[in-house]
Amino acid sequence: MALLAEETVGTAAKPTAAKASRQAGGQEPGQNRQSQRLDGLDVLRGAAVGAVLLGHSWPGLFQGAGIVGVIVFFVLSGYLITGVLLRDIERHRKVRYGRFYAHRAFRLLPALISFLGIYAIVELTADVLGDRSKGIIGYTLLAGFGYLKDLPLPFDVSMAIGPLWTLAVEEQFYLVWPALLVVALRKNRQWRLIGWSAAVIFALMTASVLGMLILAPHLHSLVYALPTTWGLGLIVGSALRLYRVRVFRWFSGPRLRKAGLFGSIVVLASLVFFPKANESPAFFFVGGPLAMAAAAVLVVLAASRSQAMPSWTRPLQLLGTVSYAAYLWNYVVILWLNGGSTADLPPLVSVAAILLTLLVAVISWHTVEKLGRIGRDRFDTVYQAKAGSRS
């Protein structure tokens with residue numbers, strides 16, 4: 001998810017190192033090396049995870065909220081991670097795979113280990129969800145740590161890790177995307193990469209949805225979580241980053257920016273109420289692409305904004321900062337508070353679950369995730385020292 005990467009502002013590369021970037025659409029002038037978060041993207045993260053919290057807490061009312069939030073995360077993730085890869089290519093003429101995947105691990109694993117570890121302890125001792133009785137705790141940990149939740153598995157896993165399917169989709173995508181991107185940039189074929197990737201993903205999604213409708217309509221939840229069903233959002237975000245200078249120019253005028261902001265919010269807000277979005281072919285083929293287009297506009301508006309966000313967006317910025325842990329914990333918190341069910345949630349349980357989720361997310365950000373940030377910085381120090389000694 002996009003909550004797993006930070007947009008940074010860095011210097012324009014030297015001409016000899018910037019060839020790949022120019023091929024991909026260029027880089028804005030007037031940048032500096034100082035890394036910083038863009039608060040507009042944090043607002044977008046906060047809105048996305050807020051939609052997920054609404055969908056989990058009031059599923060009967062906000063039936064499309066969860067997947068709308070996830071689609072926003074996918075588009076944002078494609079934009080940010082492709083940016084990370086492009087900066088590596090600009091500066092080093094290659095992707096430093098060891099550093100890239102190490103950074104992913106430092107960002108992802110501390111909170112994930114904490115989440116799965118506490119889940120295992122609770123279920124082994126209290127068996128709140130009955131997972132110990134079912135003998136599925138080990139399988140659940142395997143699927144969670146292995147990023148397998150989006151795939152058909154030959155064993156049952158706990159409902160507690162249901163939301164991990166999105167993380168699995170992202171990590172599987174980033175196993176193949178860096179190498180494909182390097183090849184495409186070297187041959188100046190990035191549009192072909194985008195086009196073919198989108199076509200393949202859409203074709204596989206179409207085949208899986210049609211197969212579901214014809215052979216097994218009850219397997220909608222399986223098709224919903226497949227990496228091909230919403231993977232197009234990652235491609236859309238990647239395309240935005242590859243050609244962001246051109247796209248930014250499209251939204252350079254204040255009137256068009258306001259129209260884009262208003263239209264995108266209306267589209268996403270409408271889709272939040274889409275009935276049975278997780279099992280509707282209409283949402284797969286129409287609602288999903290509409291949400292991706294609207295999310296793409298919002299990413300462009302947020303990433304190209306030169307002014308600080310208004311003060312009233314501060315709560316969303318803060319929520320966006322802790323969005324990863326909030327996403328991990330909300331579903332299992334609801335299950336534990338409501339006796340293993342997410343249906344017919346009493347209002348008190350819904351509100352309590354959100355408040356507890358936010359508390360846990362803040363604690364996670366300042367403890368285990370902070371350790372991950374420290375570990376990443378120390379890794380970079382050692383990595384750069386070794387690189388300098390070899391050069």
**Item:** For the chain: relative contact order, % (alpha-carbon pairs under 8 angstrom, 6 or more apart)
**Value:** 30
**Asked** With each run of n ≥ 4 DSSP H residues scored as -39500 (n - 2.57), what mean residue ellipticity at 222 nm is computed for the chain after dividing by its residue count and rounding to the nearest 500 deg cm²/dmol?
**Response** -22500 deg cm²/dmol
**Prompt:** Tell me, what is the per residue accessible area of the chain in Å², probe radius 1.4 Å?
**Reply:** 46
**Burial ranking of peptide ranges 319-328, 71-80 (average Cβ count within 10 Å, highest at the top)** = 71-80, 319-328
**Fill in**
Excluding residues fewer than 8 positions from K134 in its own chain, the aspartates and glutamates with Cα under 16 Å of it are E123, D156
**Fill in**
Rounded to one decimal in Å, the inverse mean reciprocal Cα-Cα distance for the range 238-391, i.e. its Kirkwood radius, is 19.4
**Asked** Roughly how many percent of the accessible protein surface of the range 311-391 is carbon and sulfur, given a 1.4 Å probe and a whole-percent answer?
**Response** 67
**Asked** Between rounded, prolate and oblate, where does the range 135-177 land on the alpha carbon gyration tensor, with a ≥ b ≥ c its root eigenvalues, rounded for a/c under 1.5, else prolate if a/b exceeds b/c?
**Response** prolate
**Item:** Rounded, prolate or oblate (a/c below 1.5 giving rounded, otherwise prolate when a/b exceeds b/c) for the range 39-137 by Cα gyration tensor
**Value:** oblate
**Asked** What per residue convex hull volume, in Å³, do the alpha-carbon atoms of the range 247-330 yield?
**Response** 128
**Prompt:** Quick one: Cα centre-to-centre distance for the range 246-266 and the range 73-125, in angstrom?
**Reply:** 30
**Message:** Quick check on the range 93-233: take the gyration tensor over C-alpha atoms, sort the square-rooted eigenvalues as a ≥ b ≥ c, and tell me if it's rounded (a/c under 1.5), prolate or oblate.
**Reply:** oblate
**Message:** Along its three principal axes, how long is the chain when you only count alpha carbons? Whole Å, largest extent first please.
**Reply:** 61, 47, 46
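The values are calculated or read from the model by the stated rules, or taken from the named source; none is laboratory data. Note that this is a predicted model, so its numbers are computed, not measured. Cβ: placed from backbone, ideal geometry, glycine included. Neighbour counts: every protein chain shown. Calculation scope for accessible area: heavy atoms of the full protein, side chains included, ligands and nucleic acids excluded. Shrake-Rupley method; radii C 1.70, N 1.55, O 1.52, S 1.80 Å.
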